[in-house]
Amino acid sequence: LCLKYLRPDLEVSACDIDHNAVEVTERNKYSLGLDIEVFKNNLLHGLGGYDMIMANLPTYTAKDMLEYELHGPKLAYYAGRENGLILYKRLFVQSEELLSQDGILVCECQAKLQTPFLKLADKSGFKLVTRTDFAFGFRLK
């Protein structure tokens, strides 16, 4: 929503697997007067091409779920029993197919997973082009 708010000229879509997250996003887009498509979907399955994909996927394992205090729905945190990067592995595969030639993939990743996350991105055919403490921008190699 922030991207569309700052750049109204862009065509923006938002999706989430959680029905409640989709409803909240719908309400927020209307309250901000934003024209974006919001829908329920499992990652990027069945979608068209994009110049930019932004993702903040769950990365908590079963152990993390017991160890950390959650401030939202469990679905927003839980990635898989043992591999916190399993959803990002799927995202990299799907993004490779859906990003335009000069497209960029922007992802957020928790600090303790950043080293394996960057290795996964490289192995998946993405090169790092920019980064902050928790956000990373990639292009296809």
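Odds and ends about this structure:
- Based on C-alpha pairs under 8 angstrom that are at least 6 apart in sequence, the chain has a relative contact order of 20 percent.
- Environment charge at Pro73 (Cβ cut-off 13 Å; Lys +1, Arg +1, Asp -1, Glu -1): -2
- Across region 68-77, coupling constants 3J(HN,Hα) worked out from phi with the 6.51/-1.76/1.60 Karplus curve, θ = phi - 60°, read 10, 6, 9, 10, x, x, 4, 4, 6, 10 Hz, and Gly and Pro carry x.
- Shape call, region 100-141: gyration tensor on alpha carbons, a/c limit 1.5: oblate
- Solvent-accessible area per residue, Å², over region 1-82 with all protein chains present [probe radius 1.4 Å]: 71 Å²
- Computed from the alpha carbon atoms alone, the convex hull of region 1-123 holds 122 Å³ per residue.
- Apportionment of accessible area to carbon and sulfur, region 14-133, percent (1.4 Å): 51 percent
- Estimated [θ] at 222 nm from DSSP helical runs (n ≥ 4, -39500 (n - 2.57)) normalised by residues in the chain, nearest 500: -10000 deg cm²/dmol
- Charge tally around Phe92: other residues with Cβ under 15 Å, Lys/Arg +1 each, Asp/Glu -1 each, net +3.
- Other residues with beta-carbon under 15 Å from the beta-carbon of Tyr50 carry, at +1 per Lys or Arg and -1 per Asp or Glu, a net charge of -3.
- Cα-based Rg and Dmax for region 38-79, where Dmax is the largest Cα-Cα distance (Å): 13.4, 38
- Segment Asp9..Glu23, full-extension length gain: 2.7 nm, with 0.36 nm per residue of separation and the alpha-carbon distance subtracted.
The values are calculated or read from the model by the stated rules, or taken from the named source; none is laboratory data. Bear in mind that the values here come from a model prediction, so they are computed numbers and not experimental data. FYI the Cβ positions are ideal-geometry reconstructions off the backbone, even for glycines, and counts take in every protein chain you see. What goes into the accessible areas is simple: the full protein's heavy atoms, side chains included, and nothing from ligands, DNA or RNA. Shrake-Rupley method; radii C 1.70, N 1.55, O 1.52, S 1.80 Å.
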